[in-house]
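The values are calculated or read from the model by the stated rules, or taken from the named source; none is laboratory data. Remember, predicted model here, so these are calculated numbers, not experimental data. When we count neighbours, we look across all protein chains shown, and the Cβ atoms used for this are built from the backbone with ideal geometry, even at glycine. Just so you know, the surface numbers come from the protein's heavy atoms only, side chains and all, with ligands and any DNA or RNA stripped out. Shrake-Rupley method; radii C 1.70, N 1.55, O 1.52, S 1.80 Å.
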Amino acid sequence: MNFMASKQPENSLLGPESDSQRTLYPYVTGTSVVALKYKDGILMAADMGGSYGSTLRYKNVERMKAIGKHSLLGASGEISDFQEILRYLDELILYDNMWDDGNSLGPKEVHNYLTRVMYNRRNKFNPLWNSLVLGGIKNGQKYLGTVSMIGVNFEDNHVATGFGNHLARPILRQEWHENLSFEDGVRLLEKCMRVLLYRDRSAINKLQIAKITEEGMTISQPYSLKTYWEFSAFENPTQGAVGSW
Amino acid sequence: MDLNMDLNAPHSMGTTIIGVTYNGGVVLGADSRTSTGMYVANRASDKITQLTDNVYVCRSGSAADSQLVSDYVRYFLHQHTIQLGQPATVKVAANLIRLISYNNKNMLETGLIVGGWDKYEGGKIYGIPLGGTLIEQPFAIGGSGSSYLYGFFDQAWKEGMTKDEAEQLVVKAVSLAIARDGASGGVVRTVVINSEGVTRNFYPGDKLQLWHEELEPQNSLLDILNSPSPEPMNI
């Protein structure tokens, strides 16, 4: 029986692809991740939604995970690819621990590893369909970086993926400053997440905020944000212009 | 998910719209999200538009197309009302919508639900989907969010509801659709039309019932962290 043999056109430059599979388009996706450096380390926020096209199908997806002792990884994009990345990193950390030499991979090294993985997959036209945020702190040095599905990578004081780049980064550019307290950092992230909730179609109102410091990583319980709808302009917007929106 | 969609297949539109008859009139309901791609361009839109004093229409699909169609129909109905010397019937309004939708079917992308009250037939709901079919129904649902409501209405719809029952049904349904449809969101707007007149209602997003896996909204994580721990239990 022949299950849908993959057809290559005669002039294909793609090489043999009889057995390999590739992610052509994402199925179950997570939306924005937003993160910033603060006084004691890194704060990162992401909602718990897994969308299936335009359906908000899964509402309990944890999109941020601890990596080793010093790093925190947040992902948007295809969830199955994120789970695969976690498997790769699991192996990486395992081998690191097996050296048993007192040294452990820091966030900078993990970010570099991820960058290589993402870029190499991109070169083979078989990308991992994610945008990743990698944050952490080791020996007092804070680190916050990001990698996209095509291997674009950089580090900054605050980063975001997807819609977060358009909606959250401008807020962070205005209001972020060195040595934010934990409370101020949380409030700033919540401000960003609230805007994303209003304006991103794939956002859901259930999020977690994760913190990583020299002591370790903690991730908050899932919670929802209050939203504001009581502007008088919202109550009867078309009173003066019947038929408009 | 096939990115090369068949352009001739009917495709769902970003919105949830509902029209329901009850034992004295109709209740129309809609969400308030207008999106351009994945961006929410307007989170408090008004998708329930007036055609005459006694007939309203719920709009879905292309914002531009639905606005133009309703603008034309409002214009024709106004003239018709003057000529007739009395309020237009819901059936006439619905047929004018159908005429425009059908005769321009290749160019328009809008699904509409017409609802109203007149002295001859009482409360009536007409669904006019893509293509311009006119179909009179005891209740109608439309827009992309409606996919999530077919099962709900099969179970919850009853003939001869009261005004409050009908309105609660509509609010519950739009709220359920908002929970699962990314293209629907914001507030729930309803319009109740009967012999006494028209009432507009507004249910903000934070006042709606919570569904599965949804949590009570908080001001901030800091409030949760600073709240006192629960007392240990005594068995």
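Annotations
- Comparing A:ARG169, A:ARG194, A:ARG57 in a Gaussian network model of chain A where C-alpha atoms under 10 Å apart are linked, the largest mean-square fluctuation is found at A:ARG57.
- Relative contact order computed over chain A (Cα-Cα under 8 Å; 6+ residues apart), in percent: 25
- Greater than 20 Å apart at Cα, pairs in A:LYS226/B:LYS47; B:LYS172/B:LYS207; B:LYS91/B:LYS158; A:LYS65/A:LYS226; B:LYS124/B:LYS158; B:LYS91/B:LYS172: A:LYS226/B:LYS47; B:LYS91/B:LYS158; A:LYS65/A:LYS226; B:LYS91/B:LYS172
- Percent of Cα pairs in the protein assembly as shown per distance bin of 20 Å, from zero to the largest separation: 22, 44, 28, 6, 0.
- Where only DSSP H runs of four or more residues are counted, chain B gives -9000 deg cm²/dmol as its mean residue ellipticity at 222 nm, each run worth -39500 (n - 2.57).
- Other residues within the sphere of radius under 14 Å centred on the Cβ of B:GLU165, judged by their own Cβ, net out at 0 (K and R +1, D and E -1).
- Exposed-loop-free span, longest in chain B, where trypsin sites (Lys or Arg not before Pro) count as exposed if DSSP calls them loop and at most 14 other C-beta atoms lie within 10 Å: B:1-104
- A 1.4 Å probe, protein heavy atoms only, puts the accessible area of B:ASP118 near 10 Å².
- Its alpha carbons considered, the range B:176-235 gives a radius of gyration followed by a Dmax of 18.7, 60 Å.
- Farthest toward the positive end of the dipole of the protein assembly as shown, out of B:GLN50, B:LEU28, B:ILE235, is the Cα of B:GLN50, where the dipole comes from beta carbon charges about the Cα centre.
- About its Cα centre, the dipole of the protein assembly as shown is roughly 820 debye, where the only charges are +1 on Lys and Arg Cβ and -1 on Asp and Glu Cβ.
- Separation of the range B:61-107 and the range A:20-64, taken as the distance between their Cα centroids, equals 44 angstrom.
- A 1.4 Å probe over all protein chains sorts A:HIS177, A:HIS166 by accessible area into A:HIS166, A:HIS177, starting with the largest.
- With all protein chains in place and ligands, DNA and RNA left out, the 1.4 Å accessible area ranks A:ASP101, A:ASP200 as A:ASP101, A:ASP200, largest first.
- B:PHE153, A:PHE154, ranked by accessible area, largest first (probe 1.4 Å): A:PHE154, B:PHE153
- Its Kirkwood hydrodynamic radius, worked out from the mean inverse distance over all distinct Cα pairs, puts chain A at 19.6 Å.
- Residue range of chain B that is longest and free of GluC sites (Glu not before Pro) which are both DSSP loop and sparsely packed (at most 12 other C-beta within 10 Å): B:1-120
- About its Cα centre, the dipole of chain B is roughly 720 debye, where the only charges are +1 on Lys and Arg Cβ and -1 on Asp and Glu Cβ.
- Solvent exposure of A:TRP245, expressed as accessible area, is near 110 Å², computed with a probe of 1.4 Å over the protein chains only.
- If only the Cβ of Lys and Arg carry +1 and only the Cβ of Asp and Glu carry -1, the dipole of the range A:136-245 around its Cα centre is close to 260 debye.
- Between chain A and chain B, roughly 4300 Å² of accessible surface gets buried, counting both sides and using a 1.4 Å probe.
- Cβ-defined net charge surrounding A:PRO170, 15 Å radius [Lys, Arg +1; Asp, Glu -1]: +2
- Computed with a 1.4 Å probe over protein heavy atoms only, the accessible area of B:LEU112 comes to about 0 Å².
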